1. Need a quick list: helices (runs of 4 or more DSSP H) entirely within segment 1-75 having at least 1 residues that are at pLDDT 95 or above and closer than 30 Å to Tyr129 by Cα.
2. Could you go through segment 275-292 and let me know if any residue there is over 18 Å from Gly188 (Cα atoms), over 16 Å from the mean Cα position of the chain (by Cα) and among the basic types (Lys, Arg).
3. Val310 - would you say it is over 13 Å from Glu242 (Cα atoms), hydrophobic (A, V, I, L, M, F, W, C), more than 16 Å from the chain's Cα centre (by Cα) and open to solvent by less than 50 Å² (accessible area, probe 1.4 Å)?
4. Does segment 266-292 hold any residues that are under 20 Å from Lys154 (Cα atoms), assigned to a helix (DSSP H, G or I) and in contact (Cβ under 8 Å) with a residue 40 or more places away in the chain, and which are they?
5. What single numbered condition from (1) in a strand (DSSP E or B); (2) open to solvent by 10 Å² or more (accessible area, probe 1.4 Å) fails to hold for Gly237?
6. Is there a residue being in contact with a Phe, Trp or Tyr (Cβ under 9 Å, 6 or more places away or on another chain), in a loop (DSSP other than H, G, I, E, B), over 19 Å from Leu58 (Cα atoms) and at pLDDT below 95 anywhere in segment 293-312?
7. For segment 137-165, enumerate the residues that are among the aromatic types (Phe, Trp, Tyr) and touching a His at 6+ places or on another chain (Cβ under 9 Å).
8. Name the residues in segment 216-227 that are open to solvent by 10 Å² or more (accessible area, probe 1.4 Å) and either outside any loop (DSSP other than H, G, I, E, B) or among the aliphatic types (A, V, I, L, M) (or both), would you?
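The values are calculated or read from the model by the stated rules, or taken from the named source; none is laboratory data. Every value quoted in this text rests on a predicted model; they were computed, and no experiment measured them. Cβ sites come from the backbone with ideal geometry, for glycine too, and all protein chains shown count toward neighbours. Areas reflect the complete protein model, heavy atoms only, side chains present, ligands, DNA and RNA absent. Shrake-Rupley method; radii C 1.70, N 1.55, O 1.52, S 1.80 Å.
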Amino acid sequence: MQHAKHTITRREVLAGAAGVALLSGCGTRSVPAAVPSRVSIVRARAYDQNVYQAVRDLISLHKLDVRGKRVVLKPNLVEFDAQTTINTHPMVVHAAYEAFVAMGAGSVQIAEGPGHRRNTLDLADAAGYFRLIPKFEDLFVDLNLDDVSHVQPKFNPSKLEKLYLPHTVLGADLLVSLPKMKTHHWVGATLSMKNLFGTVPGGVYGWPKNPLHWAGISESVAMLHSVFPRQFAIVDGIVGMEGNGPVQGTPKVVGVLAAGSDPVALDATCCRIMRIDPAKIDYLKLATNGVESRYLEQNIVQTGEAISAVATAFELPPDFPHIRLNG
C-alpha cells in the first residue's frame, strides 16, 4: 500500500507552518509566505496539576482546529533510570491527550517506537505511563510493530534508499511530537525533530535502528521532518537533560513548556533557551534547505515568556563545545 504524499511548495516551506492553516482543510495548506512561524513558551515549574492548564494554554495560543480529526501523540521513550530524567514525563502526555479530546478530536492515540528497548510496554510502565494515563494500553500503538507502507520522502539528503513508516503516523491528521528537552552526544540537541526517529519501525530497521545512523543522523532527521507536513509539538522542558544526553546526561531544571506548529522554529527557540546556537545544529540547517531565515529569532513570533526570561545554559555534550550560543 503506497500512501500518497502532498507536495509542499517552496512558498509553504518558507512560510513555516501556522497551526490553523495546517489543519483547516487538511488537503489545501496554503500559507502566505510573509506569515512567520509562531512559538509559545509557558512556565511550568513542576510536574503537578498545573501542567494540565499550561498545556491547554499552549495549544489554545495556536488556535488548532482538530474537531473530528485523528491526532497521534508521539512522546520520547528511550530508556528508564529512576535516578535521572530521560523520557517525556507521562503527565505532559496525559495533559496533551486530555486537551485534544476536549477540543473535539475524532481520536487521540499515543504512539512510540523506542530504538533501544524491544518491549515498549515494559518501558512505558517503568516510566510511569500506566500509572498516570488511564487505559494507557488501549490508547497506545507500538510503532516498532505497526503495519508499514513504503514512503517516498519529498526531501532526502540521507543515504537511506528506502523508507518504511507505520500506518498509525502516516494516517494522522496531526502528528504531535512530545519530546524531552535534552542535549545529544551525536547531534548536539534532541527536540521535536529528532524525536521523529521513534516513528521509524524497529520491526523493519532493527534495534537501535542503525540504518538511520549509517545513513547520516542529521540527514535522516531532515528527511523524516519532510514526510510529515501536519505537525505540532510540545517540548517538555520542565526538567530536561544536559551533558552526555540523551540517556547518560544529568537532569536540568528549566521549568518551561514550549510549543509550535513549525518544528524548525520551535527547535531553534528551544536551542536558544538551552544557550545552544541553532545555526550550528546540522539537522536544522538541512531541514531549512539553506533558508536560514526560518530559524532566525527575528523571524519567529514569540508569545508567552521571553527567551531571555527562561534561558538556562545546558552543559554541552563532550564533542560539541562549539555549539554554545554567544551573547
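1. Output list reads 50-61.
2. Going through segment 275-292, the residues over 18 Å from Gly188 (Cα atoms) turn out to be 289-292.
This time we only want the ones that are over 16 Å from the mean Cα position of the chain (by Cα), so: 289-292.
Imposing the further condition that a residue be among the basic types (Lys, Arg) reduces the set to none.
Looking for residues that are over 18 Å from Gly188 (Cα atoms), over 16 Å from the mean Cα position of the chain (by Cα) and among the basic types (Lys, Arg), one finds none in segment 275-292, hence no.
3. For Val310, the condition - over 13 Å from Glu242 (Cα atoms), hydrophobic (A, V, I, L, M, F, W, C), more than 16 Å from the chain's Cα centre (by Cα) and open to solvent by less than 50 Å² (accessible area, probe 1.4 Å) - is met.
4. Result: Asp282, Tyr283, Leu284, Leu286, Ala287.
5. (2)
6. No, there is no match, as no residue in segment 293-312 is in contact with a Phe, Trp or Tyr (Cβ under 9 Å, 6 or more places away or on another chain), in a loop (DSSP other than H, G, I, E, B), over 19 Å from Leu58 (Cα atoms) and at pLDDT below 95.
7. Residues of segment 137-165 among the aromatic types (Phe, Trp, Tyr): 140, 155, 164.
Residues satisfying the conditions are Phe155, Tyr164.
8. Correct list: Ile217, Ser218, Glu219, His225, Ser226.
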